[in-house]
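Written out below as structure tokens is the structure these notes cover.
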Amino acid sequence: MKELHQTLHNTLLLSEFIAAVVGVIYMYRLRKSHWKWFSVYLLIIFFQDYFWTYNQHFSKKIYFSYFGLPLQFIFMYWLYALKSLKNKRLFTICVLLFILTVGLFIVFKDLNEIPSLSMNIGSAILILLLILEYIKQIKTDDVLKFKENKMFYINIGLVLFYIGSYPYHVFSAELYENHINAWSIYYIYFLVSNSIMYLLFSVSFIWGKTQS
């Protein structure tokens with residue numbers, strides 16, 4: 001099973017690499033759009049995950065607690081709440097809720113639990129934004145042009161990963177200690193859905209329109 005996990009982890013890195021390369025290829029034509037920052041985001045994600053896969057000399061938990069996970073969630077809040085839903089107040093509330101909740105936990109709890117908490121809170125907020133985005137698309141003509149809508153492909157990827165693997169994030173420690181087989185199955189889904197998500201990010205550049 002460990003060999004399968006390692007193979008799927010390598011596949012995830014490959015998916016992130018593909019997304020980053022596609023993002024760079026499309027970066028110039030997106031230079032006048034906010035989507036250029038999506039290309040930059042994918043580059044950062046690939047390089048950080050590649051670095052922490054092969055580097056054990058620094059604290060991975062500290063990095064992801066204070067930078068890695070906050071970067072991922074705050075960027076997605078920006079993309080959904082501010083750029084797609086065009087709601088500055090919603091964006092501010094999402095960011096403050098995420099930072100304040102995790103910040104309070106840092107003060108009163110152990111650092112080892114922070115990445116898991118950040119993932120749980122960040123995912124819950126992002127799931128809410130996903131629902132609001134789907135409602136927006138249903139109420140507008142976007143639903144008729146879904147193949148040209150970048151957010152359509154990004155939505156699918158985020159739903160598969162963040163919603164599908166949410167039980168894994170919430171119960172990961174308990175499953176690992178008491179139900180290792182169930183944990184292993186969820187971990188496989190976590191890796192597979194994560195890989196599919198980044199491939200869908202690549203597709204969003206190729207099939208999606210800049211105006212979406």
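The values are calculated or read from the model by the stated rules, or taken from the named source; none is laboratory data. Nothing here was measured: the structure is a model prediction, and the numbers come from that model. Here Cβ is always computed from backbone atoms with ideal geometry, including for glycine, and neighbour counts include all displayed protein chains. Note: areas computed on protein heavy atoms with side chains; ligands, DNA, RNA excluded. Shrake-Rupley method; radii C 1.70, N 1.55, O 1.52, S 1.80 Å.
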On the given criteria, is Y50 modelled with pLDDT of 90 or more, open to solvent by less than 30 Å² (accessible area, probe 1.4 Å) and either out of contact with any Cys (no Cβ under 8 Å at 6 or more places or on another chain) or under 24 Å from M197 (Cβ atoms) (or both)? no
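In region 139-170, what residues are aromatic (F, W, Y), at pLDDT 75 or above and farther than 16 Å from L129 by Cα?
Within region 139-170, Y168 is the sole residue that qualifies.
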What pairs can you find where one residue is in region 150-161 and in contact (Cβ under 8 Å) with a residue 40 or more places away in the chain and closer than 16 Å to S33 by Cβ, the other is open to solvent by less than 10 Å² (accessible area, probe 1.4 Å) and acidic (D, E), and their Cβ atoms are less than 8 Å apart, with a gap of 6+ or different chains? M151/E133
Scanning region 53-82 for residues that are open to solvent by 70 Å² or more (accessible area, probe 1.4 Å) and out of contact with any Phe, Trp or Tyr (no Cβ under 6 Å at 6 or more places or on another chain), which turns out modelled with the lowest pLDDT? H57
Need the failing condition index for K88 against (1) open to solvent by less than 80 Å² (accessible area, probe 1.4 Å); (2) modelled with pLDDT of 95 or more; (3) not polar (S, T, N, Q), just the number. (1)
